[in-house]
Amino acid sequence: MAGVTLNEVKKRFGAFEVIHGASLEVNDGEFIVFVGPSGCGKSTLLRMIAGLEDISGGEIGIGGKVVNDVEPADRGTAMVFQSYALYPHMNVRQNLSFGLRMNGNPREDTERRVRHAAEILRITELLDRRPRQLSGGQRQRVAIGRAIVREPEVFLFDEPLSNLDAELRVQMRVEIAKLHAELGTTMIYVTHDQTEAMTLADRIVVLRDGRIEQIGRPLDLYDDPANRFVAGFLGSPKMNFLEAEVVASGSTGATLALLNHQGAKLTIPVANAVSGGERVVVGIRPEHFREAGKGDCNLQLDVDVVEHLGSTSYVYANTNSPEQLIVQREEQQGRLDTLNVSIPSARVYLFDQAGKRLQ
Ligand code: ATP
């Protein structure tokens with residue numbers, strides 16, 4: 001097993017810099033997830049660790065050794081691709097053993113590794129089938145098996161579940177978590193799916209525009225996001241953001257007027273974080289609204305749509321502005337035209353106009 005170190009890693013494609021100096025310490029055996037919107041540089045960062053892209057600046061270390069100039073095959077990494085990348089004319093056994101056979105690995109050892117990987121992934125009965133005779137989930141298992149037989153020090157996953165349907169994705173997510181628990185090997189996993197990130201990661205690395213925005217354990221990032229971007233990216237449904245103006249500020253708290261809610265007032269316990277007249281943004285998660293009267297600021301919302309999920313429902317309320325709010329509440333039958341909720345001041349997040357966290 002091995003840890004992975006990124007030290008001010010940069011990547012340019014021609015004159016265009018897409019990774020602007022990323023630094024990260026991945027511990028031995030850790031499950032790290034790179035998450036962020038399309039184009040933020042997740043795959044590029046992963047491919048640089050694998051050695052499939054050279055780096056334009058900085059250093060990458062694996063197991064304590066700088067690998068900038070080490071060939072991909074000699075880095076001790078194995079990558080699982082979104083596209084599976086299986087050989088269509090070979091059966092599963094041959095697909096699994098191909099790399100080892102090419103490297104001249106002894107036959108008995110190759111067979112042992114293939115047997116072991118097939119057992120772990122429960123595909124033993126599929127070993128004689130060709131890829132086209134497999135379901136999407138089975139193909140993805142074989143693709144993961146190809147990585148397992150290499151017995152790498154670091155597994156690299158590039159959006160491995162995005163070609164699967166929703167149900168299978170959840171199943172495979174659990175399988176990958178089990179695989180990590182069983183092998184204990186360092187894993188770095190790229191996804192744009194915040195649920196995959198939250199459920200799989202020991203630590204999440206949130207990326208935006210080629211920069212690391214925040215690194216931390218899933219619940220720490222959820223509860224204590226560094227800025228509006230991270231706050232809005234993690235959580236489903238997303239955090240609500242309300243435009244507000246500071247009407248008073250002092251050593252015990254600040255009183256805000258919610259601009260799209262007839263100036264409803266909310267006093268929050270932040271000491272000297274803002275000044276009177278300043279425009280700010282209040283963040284509140286859908287699950288943190290409370291019944292009217294139980295929080296510190298009551299709002300009456302016009303209901304647009306209610307999504308019933310069985311145990312809970314999401315209420316989408318149109319506030320006659322771009323500020324559509326989502327409220328999560330206990331499932332209830334019946335029509336809903338207006339919803340009275342309140343905001344508990346202890347649950348809100350405060351951001352400046354640029355998205356920086358203020359408290
Ligand atoms: P996605 O989730 O859509 O796969 P990503 O976060 O993995 O996105 P990357 O694929 O790493 O993003 O791309 C990061 C940036 O680098 C993008 O702006 C992309 O257009 C650019 N890029 C990636 N590969 C190349 C390349 N070979 N040549 C030029 N630009 C590239």
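Among residues of region 7-17 being touching a residue at least 40 places away in the same chain (Cβ under 8 Å) and of a type outside the set (S, T, N, Q), the one that is farthest from the ligand (Cβ to nearest atom) is GLU8. Just so you know, in region 206-229 the residues that are of a type in the set (Lys, Arg) and touching a strand residue (DSSP E or B) at 6+ places or on another chain (Cβ under 9 Å) include one that is surrounded by the fewest Cβ atoms within 10 Å (Cβ to Cβ), and it is ARG217.
There is at least one residue in region 294-305 that is in contact with a helix residue (DSSP H, G or I) (Cβ under 6 Å, 6 or more places away or on another chain), assigned by TED's automatic domain parsing to the domain that holds SER342 and touching a residue at least 24 places away in the same chain (Cβ under 8 Å). In the set VAL206, VAL170, only one residue is under 28 Å from TYR316 (Cβ atoms), free of Cβ contacts under 8 Å to residues at least 60 places away in the same chain and not aromatic (Phe, Trp, Tyr); that residue is VAL170.
Checked against (1) under 26 Å from LEU234 (Cβ atoms); (2) surrounded by fewer than 14 Cβ atoms within 10 Å (Cβ to Cβ), GLU108 meets all criteria but (1).
Kindly evaluate SER345 against the criterion of being among the hydroxyl-bearing types (Ser, Thr, Tyr), crowded, with 16+ Cβ neighbours inside 10 Å and within 32 Å of the chain's Cα centre (by Cα). Answer is yes for this residue.
Yes or no: region 190-212 includes at least one residue that is in the same structural domain as PRO88 (by TED's automatic domain parsing), over 16 Å from GLY36 (Cα atoms), within 15 Å of the ligand (Cβ to nearest atom) and in contact with a Leu (Cβ under 7 Å, 6 or more places away or on another chain). Scanning region 190-212 turns up no residue that is in the same structural domain as PRO88 (by TED's automatic domain parsing), over 16 Å from GLY36 (Cα atoms), within 15 Å of the ligand (Cβ to nearest atom) and in contact with a Leu (Cβ under 7 Å, 6 or more places away or on another chain). Just the residues that are of a type in the set (A, V, I, L, M), within 12 Å of the ligand (Cβ to nearest atom) and not in a helix (DSSP H, G or I), please, taken from region 18-58. Once the filter is applied, which keeps residues that are of a type in the set (A, V, I, L, M), within 12 Å of the ligand (Cβ to nearest atom) and not in a helix (DSSP H, G or I), region 18-58 yields VAL18, ILE19, ALA22, VAL35, LEU52.
Within the option set GLY64, GLY76, GLY99, being under 29 Å from the mean Cα position of the chain (by Cα), surrounded by 16 or more Cβ atoms within 10 Å (Cβ to Cβ) and not polar (S, T, N, Q) holds for one residue only, GLY76. When GLY76 is tested against (1) away from the ligand (no atom under 12 Å from the Cβ); (2) closer than 21 Å to ILE212 by Cβ, exactly one condition is not met: (2).
The values are calculated or read from the model by the stated rules, or taken from the named source; none is laboratory data. From a predicted model like this one, the values you see are computed outputs, not experimental measurements. When we count neighbours, we look across all protein chains shown, and the Cβ atoms used for this are built from the backbone with ideal geometry, even at glycine.
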